[in-house]
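The values are calculated or read from the model by the stated rules, or taken from the named source; none is laboratory data. Computed from a prediction, not measured in an experiment: that's the story for all the values here. Because the Cβ atoms are built from the backbone with ideal geometry, glycine has one as well, and the counts that use them run over all protein chains shown. Each accessible area value is taken on the protein alone, full model and side chains, heavy atoms only, with ligands, DNA and RNA left out. Shrake-Rupley method; radii C 1.70, N 1.55, O 1.52, S 1.80 Å.
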Amino acid sequence: MPEGSRSLGMNIPHRDFLLDVIMGRMEGYTPAFAVGVTPNLDAVDGTVTLWDGADYGAAGGGIVVPLTVGTNLYISSSSAADTAVTVLVEGLDANHVEQVLTVAVNGQTQVLIGNFIHVQVATVVAGNPAGDLYIATSTALTGGVPNTKTTIKSKVIQGKNITHNCFYMVPAGKGAIIMSIRGSTNSNRDALVTTHLTYLNQPKVEFISYDIASWVQWGSPTPIATRDAAGNRFIIIPEKSFLEYRVSVEDNNTRTFFSFDMVLVDNQQFNIAEV
């Protein structure tokens with residue numbers, strides 16, 4: 001057991017539990033977060049996933065399509081000059097186990113990354129991309145860009161060097177607890193953000209919606225209960241679930257930011273009882 005866990009409530013009685021989690025001092029607890037941005041959304045674009053892969057107005061390009069089985073994923077660039085770029089890809093394998101892989105980009109040609117059921121985030125760790133980077137299933141390309149938008153699972157916009165995916169798949173052996181969420185828009189424009197949750201082998205359910213404007217943040221010192229597809233109340237999002245946030249706007253040229261913070265808890269922690 002880590003030192004912070006032993007001392008909590010004894011030698012150092014006023015330690016903050018969440019701070020210890022962030023510092024990696026609490027065995028069985030891990031911090032996680034996700035951030036999404038839609039930089040220029042119009043009312044006619046309808047509802048889209050809060051992610052960099054949203055191709056507004058393009059058929060099938062606004063909503064991310066999660067994988068349901070382990071699938072080989074590839075990376076390509078919209079620029080043929082990107083032959084000295086390395087990307088770190090974090091996601092889940094076919095068994096929903098966390099994996100981290102690095103891949104060297106080969107311009108507009110798809111390069112195999114590995115077998116994933118989900119990509120959480122991708123980060124440029126070497127080089128300076130001249131184009132947008134696309135992580136997708138094997139598909140036909142035009143100038144390095146997948147022709148079929150639904151094959152795209154993550155995108156790194158040129159100059160950003162990291163994905164902005166406001167979605168998350170809970171790894172195997174863990175439960176997720178949402179601790180806080182925040183969001184904003186530009187110039188007091190309004191946006192409607194909706195929560196979508198898919199449990200393993202169950203239908204997608206849509207939960208609470210948030211009306212956001214210039215800046216708003218919600219936090220909860222204790223987790224807020226939710227429901228599963230059968231109507232059962234609980235506060236833990238179980239392993240292998242897919243959490244996604246979508247947005248729609250009323251005004252043109254609306255920039256929307258939204259993010260959420262979580263604590264991942266090892267399943268075995270739910271069976272620990274201490275006197």
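Here's the yes/no breakdown for (1) modelled with pLDDT of 90 or more; (2) among the hydrophobic types (A, V, I, L, M, F, W, C):
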position	(1), (2)
GLY4	no, no
SER7	no, no
LEU18	no, yes
VAL44	no, yes
VAL48	yes, yes
ALA58	no, yes
ILE75	yes, yes
ALA81	yes, yes
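Of all residues in region 82-100, those satisfying the criterion of being under 20 Å from ASP132 (Cβ atoms) and either in contact with a helix residue (DSSP H, G or I) (Cβ under 6 Å, 6 or more places away or on another chain) or assigned to a strand (DSSP E or B) (or both) are THR86, VAL87, LEU88, VAL89, GLU90, GLY91. Within region 147-161, one or more residues are open to solvent by less than 30 Å² (accessible area, probe 1.4 Å), under 18 Å from the mean Cα position of the chain (by Cα) and among the charged types (D, E, K, R).
Counting just the residues of region 92-117 that are in contact (Cβ under 8 Å) with a residue 60 or more places away in the chain, of a type outside the set (A, V, I, L, M, F, W, C) and in contact with an Asp or Glu (Cβ under 9 Å, 6 or more places away or on another chain), which one comes out surrounded by the fewest Cβ atoms within 10 Å (Cβ to Cβ)? Before you say what the answer is, go through the steps one by one.
Within region 92-117, the first condition is being in contact (Cβ under 8 Å) with a residue 60 or more places away in the chain, and the residues that meet it are 92, 95-98.
The next check asks that each one be of a type outside the set (A, V, I, L, M, F, W, C); those that pass are 95-96, 98.
With in contact with an Asp or Glu (Cβ under 9 Å, 6 or more places away or on another chain) added as a condition, the list becomes 96, 98.
Details: HIS96: 20, GLU98: 15.
Here the answer is GLU98.
Count of region 175-208 residues, restricted to those that are aliphatic (A, V, I, L, M) and within 16 Å of the chain's Cα centre (by Cα), is 7.
Selection of first residues in region 195-210 that are within 15 Å of LEU50 (Cα to Cα) and of second residues that are at pLDDT below 80 and surrounded by 12 or more Cβ atoms within 10 Å (Cβ to Cβ), restricted to Cβ pairs under 6 Å at least 6 apart or on distinct chains, gives the following pairs, ordered by first then second residue: HIS196/LYS204; LEU197/VAL205. For region 131-143, which positions are within 18 Å of VAL87 (Cα to Cα), out of contact with any Leu (no Cβ under 9 Å at 6 or more places or on another chain) and either open to solvent by 60 Å² or more (accessible area, probe 1.4 Å) or not hydrophobic (A, V, I, L, M, F, W, C) (or both)? Scanning region 131-143 gives GLY131, ASP132.
Can you say whether ALA172 is under 30 Å from VAL21 (Cβ atoms), over 14 Å from the mean Cα position of the chain (by Cα) and open to solvent by less than 40 Å² (accessible area, probe 1.4 Å), as far as the supplied structure shows?
Working: under 30 Å from VAL21 (Cβ atoms): yes; over 14 Å from the mean Cα position of the chain (by Cα): yes; open to solvent by less than 40 Å² (accessible area, probe 1.4 Å): yes.
Answer is yes for this residue.
Of all residues in region 101-125, count the ones that are part of a strand (DSSP E or B) and under 22 Å from the mean Cα position of the chain (by Cα). Explain how you work it out, then say what you get.
If we filter region 101-125 for residues that are part of a strand (DSSP E or B), which is where we start, we get 101-104, 106, 109, 111-116, 118-125.
Retained after the next criterion (residues that are under 22 Å from the mean Cα position of the chain (by Cα)): 101-103, 112-116, 118-125.
Selection size over region 101-125: 16.
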